[in-house]
Every structure is written in structure tokens, then in C-alpha cells.
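See structure below.
Since every read-out is calculated from the coordinates, none of them should be taken as a lab result. Only a predicted model underlies this, so the values are computations on that prediction, with no experimental measurement involved. Quick reminder, even Gly has a Cβ in these numbers, built from the backbone with ideal geometry, and neighbours come from all protein chains shown.
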Amino acid sequence: MNRRNFIKMAGGAAMAGAIAGCVGRGAAWVGGAGGRLDAAAFHTARRYAKTPFGDIAYVERGAGDAALFLHGFPLNGFQWRGAIERLSPYRRCIAPDFLGMGYTQVREGQDVGPRAQAAMIVSLLDSLGIASVDLVANDSGGQVAQLIVAAHPERVRTLLLTNCDTETNSPPPAMLPVIALAKEGKFVDQWLGAWWDDKTLARSPQGIGGMCFADPSQPTDEAIDTYFGPLLSTSRRKALAHAYAIALERNPLIGIRTTLERSAVPARIVWGAADTIFPADSAAYLDRTLGGSRGVRLLQGSKLFWPEERPDVIAEEARMLWNAWAPRTAWR
């Protein structure tokens, strides 16, 4: 798919999402309640929630207590399609796109740093009438999840963290070249654009596939289009993606340890042990730091974006955590 055709498709998807946002929560999902969440279904089902931060793109499926899925960089809510398929019989599963990522329409002048992202998520929950959620997060989404747990523990029932930033590793050294290129305004075109144009390159050891996925067939063509296409579509989208990366240079988790130690939010840590960006000792650190930690599971051979490759593990761990949860005070 060339860029011109993608931009046409994205415009149509945005219109479809706007229409879907006007439909009640009981509307049928494309393909039925148990249908596969491929890119076409995701585009059709996308909705937009108006917030002070902009119109936040999200996809939801299921009913009852809410589970919120926070994606990594430079991905969007599509990362969680497999987990949502498996978990929507048990939760109202919601996967938003962060400010500057995916299809979210950011308000002019809006900060897209991690603290703003956390505030946006709380605002999104308010707009959807959701009091508390089960949080599931990966990569920079895990950083945002920790900020939410620290500032708004009453909004979090449980926390399932996968490979992500910690106070002692944010940003990880592997992000520094990305941040440097973003400051020059080159990252989106030189990296994402090259991978979008050449999907074989994207899946090579030199691409996002080799860096962040264990399976050499990942990410799929439709995932590459869904992730990178919107970020390449306009100069403003490129600028927002660069702003997102640059904002990661300053560690927003500094000083958070004491607060997390006092947290009694039930937490589970599942970590890809082959990740070269967030090593396994980060999982051990979180286990020691999170007051409500229920231990660590290491996945041998898995890398940063393993939740996309292994949604069965997300579903298994989430259900065990949710089933074990009982009402308790959020702080010790």
C-alpha cells in the first residue's frame, strides 16, 4: 500500500470511527461479538471520545467491569487486538491511542509527554463514565500506568505490567538514538517511513521486527500499515510523533518508588526475557518496588512487543489476576 492510498484509507477510517462513536455501546461488532479483530474491524469499530486533550481514538469490546490496555511506542491500540478477542467475554475491554500516536486527534498546543498522557487517560475514563479499571500495559504505556497508579490509585483495580520503563531505566539507552533523530525531525521518515515502504526490512534484524519481536514473520503487513501509516500521513502527525519521543528524554518516574511501595493495587509482572531494551532485571525491580506485586513470570525468548505475539499469555495472566482480586484498600 503506498502512502497516498493509505491517507485516503485513513480518512475513511476516521469518518467510520466518528460514525461509530455516535452509536450506543450495544451496537453489534463487525463480524459479530466473537469476530476476529483484524485491521478492517478495528478501523470500522474505532470511536472518538471528546476530552480537553483532543478527540481520543479508542476501540472497545465486551461489557461489565472495564479493562484498559495501554500500548507501546510507536504503536497504537491495535497492539492489543488478540488480547481483546480473548478477554472481552470477561471485561469491557478498551484500547485507546495515546496522544501523538495512532488515530487520536490531538488538540492544538497539547503536551504529549507521559504525565499529560496519564492525565488524558483519566479524562478518557471520566468521559466514558468509568470509575476504575484493570490496567494492562506495555513499553511506554507501562510508564503511564505507573503514573496513574501513583496519582490515582482509586482508579486502578489491578495492574498487569509487561516490558516497560522503570524509575531506574527511563529512557532506556536504546531510545537515545530515536530521541536524537526526533529532535532533528527525522525519525518518522528515516525509520518508520523506511519500514512502512519496505515491510521485509521492517521484519529484518535491522527493523522493528528484529528489535522488538521474536517471530520473524512479525509485525504483519496490516500491523505495519495500521501503526505507521497515520504517523506518516501529515506533517503535523510526524511532529506529534517526534514530540512524543522527545518527551521521553526526561524520566517522569523519578521519585515514584516510595509511592509505588505504598501501593496495594494487586500487580502482576510478565516479562519477555530476550528483550534488549528493557532487560529482565527491570522486572525484578518492579517486583521489589510494587507493594501489591504478585510476582514475576519470565517468558524465555520473548522480546519487547511479545503481548502482540502471545495474546494467550496476556489473557491467562489477566484472568488469574482478576479472579484473585478482592476489594481492598489502595494504600498500605
Subject >> Amide H contacts of Ala273 (H built 1.01 Å from N, under 5 Å, at least 5 apart or other chain) >> reply: Leu299, Gln300, Gly301, Ser302
Subject >> Net charge dipole size for region 191-294 [Lys, Arg +1 and Asp, Glu -1 on Cβ; Debye, nearest 20] >> reply: 500 debye
Original post:
Given the rule -39500 (n - 2.57) for each run of at least 4 DSSP H residues, summed and divided by the residues of the chain, what is its mean residue ellipticity at 222 nm, to the nearest 500 deg cm²/dmol?
Top reply: -12000 deg cm²/dmol
**OP:** Take every Cα pair under 8 Å in region 199-277 that's 6+ residues apart, average their separations, divide by the length, and report that relative contact order as a whole percent.
**Re:** 17 percent
Subject >> Residue order, fewest to most beta carbons within 10 Å, for His242, His71 >> reply: His242, His71
Original post:
Applying the Karplus parametrisation 6.51 cos²θ - 1.76 cosθ + 1.60 with θ = phi - 60° to the phi angles of region 292-308, what ³J(HN,Hα) value in whole Hz is obtained for each residue in order, glycine and proline being reported as x?
Top reply: x, 4, 10, x, 10, 10, 9, 9, 5, x, 8, 10, 3, 9, 4, x, 6
Original post:
Using the beta-carbon distance between Arg250 and Met211 and R0 = 25 Å, what value does 1/(1 + (r/R0)^6) give for FRET efficiency, to the nearest 0.05?
Top reply: 0.60
**OP:** Pick out which of Ala194, Ala243, Ala202 has the largest mean-square fluctuation in a Gaussian network model of the chain, springs linking Cα atoms closer than 10 Å.
**Re:** Ala194
Subject >> Unit charges at the beta carbon, dipole of region 200-269: most positive-side option, Ala241, Thr259, Gly229 >> reply: Thr259
**OP:** Starting from the Cα-Cα distance between Ser204 and Thr168, subtract it from 0.36 nm times their residue separation and give me the gain in nm to one decimal.
**Re:** 10.0 nm
Subject >> Amide H within-cut-off set for Leu70, under 5 Å, with H built and near neighbours excluded >> reply: Val136, Ala137, Asn138
Original post:
How high is the relative contact order of the chain, in percent, with contacts defined as C-alpha pairs under 8 Å that are six or more residues apart?
Top reply: 19 percent
Original post:
In whole Hz, what ³J(HN,Hα) sequence does region 129-141 give by Karplus (6.51, -1.76, 1.60; θ = phi - 60°), x for Gly and Pro?
Top reply: x, 10, 7, 8, 9, 8, 8, 10, 8, 9, 6, 5, x
Original post:
Could you put Ser235, Ser123, Ser88, Ser170 in order, starting from the residue whose Cβ has the fewest other Cβ atoms within 10 Å?
Top reply: Ser235, Ser123, Ser88, Ser170
Subject >> region 90-132-region 216-271 distance, computed between alpha-carbon centres (Å) >> reply: 12 Å
Subject >> At 1.567 mPa s and 4 °C, Stokes D of the chain from Kirkwood alpha-carbon radius, µm² per second >> reply: 66 µm²/s
**OP:** Mind checking region 272-330 for trypsin sites (Lys or Arg not before Pro) that DSSP puts in a loop (not H, G, I, E or B) and that have at most 15 other Cβ atoms within 10 Å?
**Re:** Arg328
Original post:
Can you sort Glu108, Glu317 by how many other beta carbons sit within 10 Å, fewest first?
Top reply: Glu108, Glu317
